[in-house]
1. Tell me the label-point distance for the pair THR30, PHE130, using the 7 Å Cα-to-Cβ offset, in nm and rounded to one decimal.
2. Just to confirm the filter: which GluC sites (Glu not before Pro) across segment 73-110 are DSSP coil and have at most 12 other Cβ within 10 angstrom of their Cβ?
3. How far is it, in nm, from the label point at ILE155 to the one at TRP82 when both lie 7 Å from their Cα along the line to the Cβ?
4. Which order results if HIS105, HIS145 are arranged by neighbouring Cβ count within 10 Å, fewest first?
5. Pulled fully out, how much extra length does the chain show between THR104 and GLU90, if you take 0.36 nm times their separation in residues and subtract their Cα-Cα distance?
6. Please rank ILE102, ILE155, ILE33, fewest neighbouring Cβ atoms within 10 Å first, as an exposure proxy.
7. Evaluate the distance, in nm, between pseudo-label points positioned 7 Å from the Cα of GLN42 and of ILE67 along their respective Cα→Cβ axes.
8. Determine the shape class of segment 66-151: with a ≥ b ≥ c the square roots of the Cα gyration tensor eigenvalues, call it rounded for a/c under 1.5, and otherwise prolate if a/b is greater than b/c, oblate otherwise.
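We did not get these values from a lab; they are worked out from the coordinates using the rules stated. What you are looking at is a predicted structure, and each value in this text was computed from that prediction instead of being measured. Neighbour counts are summed over all protein chains in view; Cβ atoms, including those assigned to glycine, are modelled from backbone coordinates with ideal geometry.
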Amino acid sequence: MFTRTFATTVLFACLVVPVSADDEEGEEPTRTIEPTQSELAQFQLTDRTRDLSAPPGGSAGFRATGISMFAASAADIATTEWGLSEGFVEGNPLVTQRGVRIATHIAAPLAVYWATERLHRSGKPKLAWFLRISIMAAYSYAAIHNTRVIASSPIYGY
């Protein structure tokens, strides 16, 4: 009996919280939190755009698509020239002259390469990837088409 009474007394003493006269029921004292001038002087915003942008050189895959654009363009111009030497006619009237055709196959990939590098650095890597892959696919399709047309000619007998 003594231990139960002693335990109850100790428990009651631990649970009872002294109430001061300043405390009113249910209200907590409020204090506005305002920074001091020294805290405001130390506060700096960080530039997060640099962290989100792509690295200057891009990934290995992105660099590979840049090289592949030029390779696909070279394949297209090579198969076009091959077809023209076999007697075929250029289907695009804008590039019937050889100098214009070669300049176009150099300038277009260069322009896309430059634009996609800028897009990639400015935080639009998906658009840059899409453009590079699209140009690479278009030139590849043209090279494959040229090869098939040449291969199906009676000269080669395929």
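1. 5.0
2. Answer in residue order: GLU86.
3. About 1.1 nm separates the two model spin labels.
4. HIS145, HIS105
5. 3.6 nm
6. So the ranking, lowest neighbour count to highest, is ILE33, ILE155, ILE102.
7. 5.1
8. Values: a/c = 3.24, a/b = 2.11, b/c = 1.54.
Cα axes put segment 66-151 in the prolate bin.
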